[in-house]
Amino acid sequence: MPRISARRAPLGSQERFTAYLTEHFAGAFPIWLAPQQIRVIPVMPAVTPYAQEVSDVLFDAGFRVEVDESDGRLSGRVRAAATRKIPLIVVVGRREVESRSVTVRYRSGAEQSMTLDEFVSTTRQLVDCKSLEWAGHVTKD
């Protein structure tokens, strides 16, 4: 009968690697590695159905997304998402509902408005490139 060594830790190396990655990125994981990639924040309760629709489209496209329907001021909810180091914060209001678009806030603080389809394809490219150097912002041409 084989003897099991007390030093054998098949999960230990994975735990150490996860701890190393968390420390290396200081919790601000690249978008493709982040546990939650996108947080959708409705400006007011009246636009929550559109925020849920945006979330459903993003989820169906394969992204890890959550809608923040909590009470509180918009700035507080955006700050909470930024504190949790979520790579992309999508804010939707009446203007976005009318134009079927989204306003995206990147980790760097930059904001960009685009249609929902453009956002899905742009985010898909960011995830697929698997860059470790993506700092959560876009460069303007």
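Which fully enclosed strands (runs of 3 or more DSSP E) of the range 25-141 have 1 or more residues being among the acidic types (Asp, Glu) and over 13 Å from the mean Cα position of the chain (by Cα)?
Working: elements: 38-42, 65-67, 88-92, 101-106, 111-115.
Filter on the range 25-141 gives 111-115.
Of everything in the range 25-84, what is out of contact with any helix residue (DSSP H, G or I) (no Cβ under 7 Å at 6 or more places or on another chain), over 27 Å from LYS130 (Cβ atoms), acidic (Asp, Glu) and loosely packed, with under 15 Cβ neighbours inside 10 Å? Give them in sequence order.
ASP71
Among the listed residues SER113, SER121, SER101, SER70, identify the single one that is over 30 Å from PHE17 (Cβ atoms), touching a Leu at 6+ places or on another chain (Cβ under 8 Å) and of a type in the set (Ser, Thr, Tyr).
Working: SER113 fails: touching a Leu at 6+ places or on another chain (Cβ under 8 Å); SER121 fails: touching a Leu at 6+ places or on another chain (Cβ under 8 Å); SER70 fails: touching a Leu at 6+ places or on another chain (Cβ under 8 Å).
Result of the check over SER113, SER121, SER101, SER70: SER101.
Give me the pairs, please: first residue somewhere in the range 111-134 and under 14 Å from VAL54 (Cα atoms) and in contact (Cβ under 8 Å) with a residue 24 or more places away in the chain, second residue anywhere and in a strand (DSSP E or B) and of a type outside the set (Phe, Trp, Tyr), beta-carbon distance under 7 Å, and either six or more positions apart or on two chains.
LEU116/SER101; LEU116/VAL102; PHE119/VAL102; PHE119/VAL104; THR123/LEU88
Is it the case, given these coordinates, that LYS130 is out of contact with any Cys (no Cβ under 7 Å at 6 or more places or on another chain), at pLDDT below 90 and more than 24 Å from GLY27 (Cβ to Cβ)?
Working: out of contact with any Cys (no Cβ under 7 Å at 6 or more places or on another chain): yes; at pLDDT below 90: yes; more than 24 Å from GLY27 (Cβ to Cβ): no.
So LYS130 does not fit the description; no.
Listed here are the residues, each with its yes/no results for (1) hydroxyl-bearing (Ser, Thr, Tyr); (2) at pLDDT 95 or above.
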site: PHE59; (1), (2): no, yes
site: ARG64; (1), (2): no, yes
site: VAL67; (1), (2): no, yes
site: GLY72; (1), (2): no, no
site: SER75; (1), (2): yes, no
site: ARG84; (1), (2): no, no
site: VAL102; (1), (2): no, yes
site: TYR106; (1), (2): yes, no
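The values are calculated or read from the model by the stated rules, or taken from the named source; none is laboratory data. No experiment lies behind these values; they were computed from the predicted model shown. Don't worry about glycine lacking a Cβ; one is built from the backbone with ideal geometry, like all the others, and counts go over all protein chains shown.
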